[in-house]
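> Quick one: structure below, then a few questions.
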Amino acid sequence: MRLCVVYDCLYPYTVGGAERWLRQLAERLAEQGHEVTYLTLRQWEQAPTLPGVEIVTCGPWMPLYLPAGRRRIWPPLRFGAGVLWHLLRHGRDYDVVHISAFPYFSLLAAVAARRRGRYELVVEWVEVWSAAYWREYLGAIAGWLGRAIQVRCARLRARALCYSRLHAERLIAEGYRGEPLVLPGLYVGPLQPEAPVAAEPLVFFAGRLIPEKRALAVIPAVALAAEQVAGLRATIFGDGPQHAAVLDAIARLDDGPEIAAPGFIERGELHATLRHSLCMLLPSRREGYGMIVVEAAACGVPSIVVADTDNAAVELIEEGVNGLVCGSATPEALAAAIVRVHEAGEAMRASTRGWFARNAERISADASLARVLEVYRELGVDSSARR
């Protein structure tokens, strides 16, 4: 099979669940003997190498985000033009073009070149934004236009994959004709839970420091919970436009708990900290999947998430088993959840490990890869290895 993966981001130059999954998809199919090309924007000084995968850049390096953390318009336009040019010239070299729906201009380009290229099109919908969120994100006029493009893309003839039931249902509501396949999971790692370790009174947060992640909500919640949990502290890992605001909020604490915000760190250190944490706190209002919830469960660490309209991470929580779902991101609600996890003690850590042991194989990237290969076969593509 000849596969072309299309996304303007490439892990680890851009960090996220979708980035990791699409890189894994490309690498694992290459390992199986398939011919794989990865189209992306340049994000590096020295070209990376992925074993068995040809990396093709469809545009120069350029910042993807505005200082406030929102996507720039020009890079997706430039990437879409590059994808169109590449597929018009090389589309017939591929059996399948496997593309991330967002940013939408590259998807529109792949559709425009499909008749000439004669390839099958598989589209990954990490998120489907509501009309209200489009207005909030871009304003009334630009938000209306963004939503209109999303609706147009949802109604294109292509096989759709989603990471959650929330966004699969939204895609259907936007006019998708058919039933999107919800991938069972994106987890890459050992399928057995890690050996139990003693929990420290530490609240763990990791993510890009943008408004949607609500890292600022961690600080007052931990300060309030520390009144009931002796020695409670927190570490906020990540960087982004709100890093300075996070540091300022920490500095304003008067004799409060110890809270650190060291920025991005090496993944091994991040994992070591997570293993010993009391809980993983993710007050995010918007998640397409919530990989960190699964990674925390693999360590036996319960997660706390918030039931927001755009948050698919709640689908990974079995209430009281591997974590808790808060009704809001207020300091009181989050603090109460932290205290509840603390009071549950080793019982909830044990049930979290049990949840992971029962679900690890189902939510693994290997399980999703098997489903993707089934999709290729359903489309009439020979998914057997070529070499």
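The values are calculated or read from the model by the stated rules, or taken from the named source; none is laboratory data. Model, not experiment: these values are computed from the prediction. Here the Cβ positions follow ideal geometry from the backbone for every residue, glycine too, while neighbour counts run over all protein chains shown.
> For residue 261, only one of the following conditions fails: (1) within 21 Å of residue 209 (Cβ to Cβ); (2) surrounded by fewer than 16 Cβ atoms within 10 Å (Cβ to Cβ). What is its number?
All conditions pass for residue 261, except number (2).
> Every residue in the stretch 4-29 that is in a helix (DSSP H, G or I) and touching a Phe, Trp or Tyr at 6+ places or on another chain (Cβ under 7 Å), please. Break it down stepwise before answering.
First pass over the stretch 4-29, keeping only residues in a helix (DSSP H, G or I): 17-29.
Within the stretch 4-29, 17, 19, 20, 22, 23, 26 qualify.
> Let me ask another. Looking at the stretch 34-66 only, could you name the residues that are closer than 17 Å to residue 4 by Cα, aromatic (Phe, Trp, Tyr) and at pLDDT below 95?
Once the filter is applied, which keeps residues that are closer than 17 Å to residue 4 by Cα, aromatic (Phe, Trp, Tyr) and at pLDDT below 95, the stretch 34-66 yields nothing.
> Given the conditions (1) more than 23 Å from the chain's Cα centre (by Cα); (2) without any contact (Cβ under 8 Å) to a residue 40 or more places away in the chain, and given that residue 344 satisfies all but one, which numbered condition is not satisfied?
Condition (2) is where residue 344 drops out.
> If I ask for residues that are in contact with a helix residue (DSSP H, G or I) (Cβ under 9 Å, 6 or more places away or on another chain) and at negative phi, which ones from the stretch 35-53 would you list?
Matches in the stretch 35-53: 35, 36, 37, 38, 39, 40, 41, 50, 51, 53.
> Would you say residue 36 is out of contact with any His (no Cβ under 6 Å at 6 or more places or on another chain), surrounded by 17 or more Cβ atoms within 10 Å (Cβ to Cβ) and among the β-branched types (Val, Ile, Thr)? Step through it out loud before you land on a result.
Numbers: out of contact with any His (no Cβ under 6 Å at 6 or more places or on another chain): yes; surrounded by 17 or more Cβ atoms within 10 Å (Cβ to Cβ): yes; among the β-branched types (Val, Ile, Thr): yes.
Considered against the rule, which asks whether it is out of contact with any His (no Cβ under 6 Å at 6 or more places or on another chain), surrounded by 17 or more Cβ atoms within 10 Å (Cβ to Cβ) and among the β-branched types (Val, Ile, Thr), residue 36 comes out as yes.
> What is the residue count in the stretch 183-200 for residues that are surrounded by fewer than 20 Cβ atoms within 10 Å (Cβ to Cβ) and touching a strand residue (DSSP E or B) at 6+ places or on another chain (Cβ under 9 Å)?
Going through the stretch 183-200 one residue at a time, the tally reaches 5.
> Which ones in the stretch 48-69 are under 30 Å from residue 214 (Cα atoms) and surrounded by 15 or more Cβ atoms within 10 Å (Cβ to Cβ)? Steps first, please.
So the first thing to find is which residues in the stretch 48-69 are under 30 Å from residue 214 (Cα atoms), and the list is 61-69.
Answer for the stretch 48-69, where residues must be under 30 Å from residue 214 (Cα atoms) and surrounded by 15 or more Cβ atoms within 10 Å (Cβ to Cβ): 64, 65, 69.
> Further question: Give 353, 371, 349 a once-over and let me know the one that is in the same structural domain as residue 162 (by TED's automatic domain parsing), among the charged types (D, E, K, R) and modelled with pLDDT of 95 or more. Write out each step before concluding.
Working: 353 fails: in the same structural domain as residue 162 (by TED's automatic domain parsing); 349 fails: in the same structural domain as residue 162 (by TED's automatic domain parsing).
Within the list 353, 371, 349, the selection yields 371.
> Can you name every residue in the stretch 120-134 that is touching a His at 6+ places or on another chain (Cβ under 6 Å) and surrounded by fewer than 24 Cβ atoms within 10 Å (Cβ to Cβ)?
Answer for the stretch 120-134, where residues must be touching a His at 6+ places or on another chain (Cβ under 6 Å) and surrounded by fewer than 24 Cβ atoms within 10 Å (Cβ to Cβ): 122, 127.
> Here's something else I'd like to know. Exactly one of these conditions fails for residue 79: (1) over 21 Å from residue 373 (Cβ atoms); (2) surrounded by fewer than 21 Cβ atoms within 10 Å (Cβ to Cβ); (3) in contact (Cβ under 8 Å) with a residue 12 or more places away in the chain; (4) not acidic (Asp, Glu). Give me its number.
Here residue 79 clears every test but (2).
> Let me ask something else. Looking only at residues in the stretch 303-325 that are acidic (Asp, Glu) and not in a strand (DSSP E or B), which one is farthest from residue 282 (Cα to Cα)? I'd like the intermediate steps shown before the answer.
If we filter the stretch 303-325 for residues that are acidic (Asp, Glu), which is where we start, we get 308, 310, 315, 318-319.
Subsequent filtering for residues that are not in a strand (DSSP E or B) retains 308, 315, 318.
Numbers: 308: 12, 315: 13, 318: 15 Å.
Checked the stretch 303-325; the qualifying residue farthest from residue 282 (Cα to Cα) is 318.
> When you look at residue 69, is it farther than 22 Å from residue 288 by Cα and assigned to a loop (DSSP other than H, G, I, E, B), yes or no?
Numbers: farther than 22 Å from residue 288 by Cα: no; assigned to a loop (DSSP other than H, G, I, E, B): yes.
Judged against the criteria, residue 69 is not a match.
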